[in-house]
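Enquirer: Attaching a single structure in structure tokens format; questions to follow.
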Ligand SMILES: [Zn+2]
């Protein structure tokens, strides 16, 4: 099941109605991500990435850091964005890679900057596990209330909030 375009306009309404419950939204969108049609090959992924980069207007280099071993699923993460020496990075498990995920992470790059140095999956997993224990309430709220919601709305509808 994938969400028909005609239903996507309700995403904004859903966001407003459920605004006091960002975790609830996050659950819904993780279902959306699960239902999104998956990309089958790296070539296809770079094709989608280039298409979506020009749609959102990102000219910097963006590398895909993909693994076949579900290393992100094991720590409950869909995907991540960050930087390497040449530009930006989008990381994901191959089993979870979709246009929705690429659009979501591109929006983080576009809007939130993704300043952390995360050149590989291993480096991300290591840092993330450490960061979770020290993340404070304010940055958690900002992440769940604003950054995640905006990225999901863009990924689904193309709306830049
Ligand atoms: Zn996100």
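Enquirer: What is the number of the single condition among (1) modelled with pLDDT under 95; (2) surrounded by 16 or more Cβ atoms within 10 Å (Cβ to Cβ); (3) over 28 Å from residue 3 (Cα atoms) that residue 155 does not meet?
Expert: Looking at each condition in turn, residue 155 falls short on (3).
Enquirer: Going by the conditions given, is residue 80 modelled with pLDDT of 95 or more, within 13 Å of the ligand (Cβ to nearest atom) and closer than 23 Å to residue 35 by Cα?
Expert: For residue 80, the condition - modelled with pLDDT of 95 or more, within 13 Å of the ligand (Cβ to nearest atom) and closer than 23 Å to residue 35 by Cα - is met.
Enquirer: What are the residues in segment 83-104 that are farther than 13 Å from residue 155 by Cβ and either in a helix (DSSP H, G or I) or free of Cβ contacts under 8 Å to residues at least 24 places away in the same chain (or both), if any?
Expert: Selection gives 94, 95, 96.
Enquirer: Pick out the one residue from 103, 99, 150 that is surrounded by 14 or more Cβ atoms within 10 Å (Cβ to Cβ), closer than 23 Å to residue 34 by Cβ and modelled with pLDDT under 95. Step through it out loud before you land on a result.
Expert: Values: 103 fails: modelled with pLDDT under 95; 99 fails: modelled with pLDDT under 95.
It is 150.
Enquirer: For segment 67-82, what are the residues that are surrounded by fewer than 20 Cβ atoms within 10 Å (Cβ to Cβ) and assigned to a strand (DSSP E or B)?
Expert: Within segment 67-82, just 67 meets the criteria.
Enquirer: Being more than 13 Å from the ligand (Cβ to nearest atom) and not in a helix (DSSP H, G or I) is the requirement here; does residue 160 meet it? Please lay out each step first, then the result.
Expert: Details: more than 13 Å from the ligand (Cβ to nearest atom): yes; not in a helix (DSSP H, G or I): yes.
Here the answer is yes, as residue 160 does meet what is asked.
Enquirer: Conditions: (1) within 18 Å of residue 118 (Cα to Cα); (2) at pLDDT 95 or above; (3) away from the ligand (no atom under 14 Å from the Cβ); (4) under 16 Å from the mean Cα position of the chain (by Cα). Residue 48 meets all but one. Number of the miss?
Expert: That leaves (1) as the condition not met.
Enquirer: So, one more: Within segment 105-156, work out how many residues are within 16 Å of the ligand (Cβ to nearest atom) and not in a helix (DSSP H, G or I).
Expert: Total satisfying the criteria: 6.
The values are calculated or read from the model by the stated rules, or taken from the named source; none is laboratory data. These figures come from a predicted structure and were not determined experimentally. Reconstructed Cβ throughout: ideal geometry from the backbone, glycine too, with neighbour counts over all protein chains shown.
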